[in-house]
């Protein structure tokens with residue numbers, strides 16, 4: 001199995017670190033509220049970074065312009081359920097990482 005990525009994606013993936021403090025703020029919210037927050041944030045980051053890359057380099061690594069439910073070819077609204085669930089899964093990973101203690 002092969003895959004490819006773009007160097008431009010590494011700083012975009014790194015933006016996930018900015019979401020970590022937000023998890024602590026919304027921790028007590030109901031699941032539907034937290035999932036909605038994550039979904040909207042992922043859409044916002046995907047749209048904004050796609051727009052910036054398109055302005056700077058003239059293209060984006062993803063192009064949804066031929067897909068149904070796309071907005072300006074930058075995001076796909078049919079990904080909403082996936083982003084909702086991914087955000088909640090990342091909460092579980094965050095909680096697990098918080099429990100790890102490094103002992104010397």
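Values in this text are rule-based calculations from the coordinates and carry no lab data. Fair warning: this is a prediction, and the values are worked out from it, not measured in the lab. Neighbour counts run over all protein chains shown; Cβ positions are idealised from the backbone, glycine included.
Worth a mention:
- Peptide packing for 7-18, 71-82 was compared via the average number of neighbouring C-beta atoms within 10 Å per residue; ordered from the highest value, the list is 71-82, 7-18.
- For the chain, the extents of the C-alpha atoms along the principal axes are 46, 36, 29 Å, listed from largest to smallest.
- The helix-only estimate of mean residue ellipticity at 222 nm for the chain, built from DSSP H runs of length n ≥ 4 each weighted as -39500 (n - 2.57), is -19000 deg cm²/dmol after division by the residue total.
- Percent RCO, i.e. relative contact order, over segment 6-84, from Cα pairs under 8 Å lying at least 6 residues apart: 25
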